[in-house]
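No lab work stands behind these numbers, since they all come straight from the coordinates. From a predicted model like this one, the values you see are computed outputs, not experimental measurements. Counting neighbours? That spans all protein chains shown, and the Cβs are built from the backbone with ideal geometry, glycine included.
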Amino acid sequence: MTYDNSVATEGVDVLVIGGGQAGLAMGYYLAERGLSFVIADANPEVGDMWRSRWQSLRLFTAGQYNNLPGLPFPAARDVYPGKDAVADFLKSYAENFELPVRLNTTVTRLTRDDGRYRAETTTGPIEADQVVVATGPFQVPFTPEIANELDPDLAQLHSAEYRGAEDLPEGRILVVGAANSGHQIALELAQSREVDIAVGQKLPTLPQRPFGRDIWWWLTATRLARVPVSSRLGQRLSQRDVVIGGGLRELRKHGVQLRPRATAARGRTFTFAGGESADYDGVVWATGFRIDHSWIDIPEVEDERGEVRHVRGVTDAPGLYLLGMTWQYTRTSALLGWVGADASYLAERIDAAKATLPSAKPPAKASS
C-alpha cells in the first residue's frame, strides 16, 4: 500500500485525525460509503502507539473480542494478545483496505470558516467538509505535582514511558496508581524488584475468566457492555474504572506491598495518607492521561474544562465529531473490538450531513 502524503488545501469530504483503531475503523466505513477522506496520523508507522507501550503488555480482551470492521483479529479464542500483535493487526488492516493514511502528520490547529474546516499540520494544510477527531483518551501523560519535589537523580517514569524492568534501577520501586496499567506493571516489576503500589482508591475488580468464561462473554451476554452512558445505570458505571484480573489480592500474592494514596514527596521519600512514609529507588507513575483539545480552535464546542462537548461523538459544530473516547456511548467505546459500532454510527451521520453542508455541490443534471 502507498500511504497518502499528498493531500493539501484542495480538500476532502472528511479528515480523520488519528490513525489508531478508532481512525482506521472510521476509514473503513467512510470508504464503504464512497466518501473521499484522509487519515492524518502523527506516527511514522500505523500501530506505533501500541508498539511504544511496555513489552509485557497484554490485552484484557481475548482474541475473539478484538476484531475491527471487516477483518477478524488473527488470534485464537481465549488468547490474550500482546501489544505488538495489536500493532501488526492495525498495520495490516490499513493495508488490507488501502486506507489513505498520511503519516508523520501532527495536526497543530483546527479551525472552521464559512462552514469548512482547515487543519494546519506538520506536513501542510488539509481542508475538509467534515472532521472526525479520533485521537482517543490517552493523549497527555498526567503526573501529579508532588513529582516535582523528588530528587532529580531519582528514576521516574510515567507508564507511557515504561518499557520493562530494565528501565529502573535495582532496589525498591513505587508504582503510583492501581488501575489496569499500574496493576500489570507492578506484577512485572515484582518478579525482580521489591515493589510497593500506592492505591488512591480501591477500584472494583472483575476476574478475567469467571466460571471458565471470559469476562467479556458475560458482559456481552448480559448486555452490560452495551449500557449507554445516557442511562441511569450508565451514569453510575462511568464514574469508576474497573480492574480486570486478580486485583489487589493478586498483587499481595506476588509480594507487592499496598500503600494508601501518596500525599507528598521530598527527595527520595514518599508520604502516604495516614502519615506513613518510605524511601524508594525508582517510581512509575501509572496515573493516567489527560485529554488535550487545545489545538481545536472552535470555541462553540468547548465545555468549561476546555474539552470538546459532544453527545455520542456529535459536537455542536456541524460536521465535527469525536471517536474512540472513553464512555463515548458505552463502556466499550474506546476498546479495539467495539469501536466500530460508534464509527458506523458517525459514518451514517457524516453521509447524511454531506448534502446539507455549504460546500456541497448540487447534483449534476441528467442529459436529455
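FRET efficiency for the residue 52 to residue 114 pair, using the beta carbon distance and R₀ = 45 Å, is estimated at 0.70.
Working value for region 26-70: equivalent-ellipsoid semi-axes of 26, 18, 5 Å, each the square root of 5 times a Cα gyration tensor eigenvalue, largest first. The slack in the chain from residue 95 to residue 209, taken as 0.36 nm per residue of separation less the alpha-carbon distance, amounts to 37.7 nm. Take the Cα pairs of region 119-234, get the Kirkwood Rh, then feed it into Stokes-Einstein at 10 °C and 1.306 mPa s and tell me D in µm²/s. In µm²/s, the coefficient is 85.
Taking label points 7 Å from Cα along the Cα-to-Cβ direction, residue 36 and residue 226 give a separation of 3.7 nm. If I build a Gaussian network model for the chain, linking alpha-carbon pairs within less than 10 angstrom, which residue out of 31, 62, 76 has the largest mean-square fluctuation? Between 31, 62, 76, it is 76 that shows the largest mean-square fluctuation.
In whole Å, what is the distance between the alpha-carbon centres of region 195-264 and region 291-337? Between the Cα centres of region 195-264 and region 291-337 lies a distance of 25 Å. Once divided by 2.2 N^0.38 Å, the Cα radius of gyration of region 74-127 becomes 1.69.
With a sphere of radius 15 Å drawn around the Cβ of residue 70, what net charge do the other residues whose Cβ falls strictly inside it have (Lys, Arg +1; Asp, Glu -1)? Surrounding charge for residue 70 is -2.
Remark on residue 268: its backbone amide H falls under 5 Å from those of 151, a criterion applied only to residues 5 or more positions apart or on other chains, H modelled at 1.01 Å from N. Cα-based values for region 12-94, radius of gyration first and Dmax second, are 13.4, 41 Å.
Per residue, the chain reaches -6000 deg cm²/dmol at 222 nm when only DSSP H runs of four or more residues are counted, each adding -39500 (n - 2.57). Considering only Cα atoms, the convex hull volume of region 224-321 works out to 200 Å³ per residue.
For region 303-350, the C-alpha radius of gyration divided by 2.2 N^0.38 Å, with N the number of residues, is 1.12.
Dividing the Cα radius of gyration of the chain by its Kirkwood radius returns 1.00 for Rg/Rh. For the chain, modelled as a GNM whose springs connect Cα atoms under 10 angstrom apart, the maximal fluctuation among 168, 57, 357 occurs at 357. The modelled label-to-label distance between residue 303 and residue 242, using points 7 Å beyond Cα along the C-beta direction, is 2.2 nm.
Counting only alpha carbon atoms, the long axis of helix 83-96 and the longest principal axis of the chain meet at about 10°. Working from Cα positions, state the angle (0 to 90°, nearest 10) between the long axis of helix 180-189 and the longest principal axis of the chain. It works out to around 50 degrees. Our analysis of region 1-151 gives Rg over Rh at 1.03, with the two radii drawn from alpha carbon positions and Rh computed by the Kirkwood formula. Packing order of peptides 169-175, 281-287, highest average first: 281-287, 169-175 (average count of other Cβ atoms within 10 Å over each peptide's residues). Straightening the chain between residue 145 and residue 84 buys 18.7 nm, computed as 0.36 nm per residue apart minus the Cα-Cα spacing. Full extension of the chain between residue 77 and residue 218 gives 49.3 nm of extra length, using 0.36 nm per residue less the Cα-Cα distance.
Relative contact order of the chain, taken over Cα pairs closer than 8 Å and 6 or more residues apart, is 22 percent.
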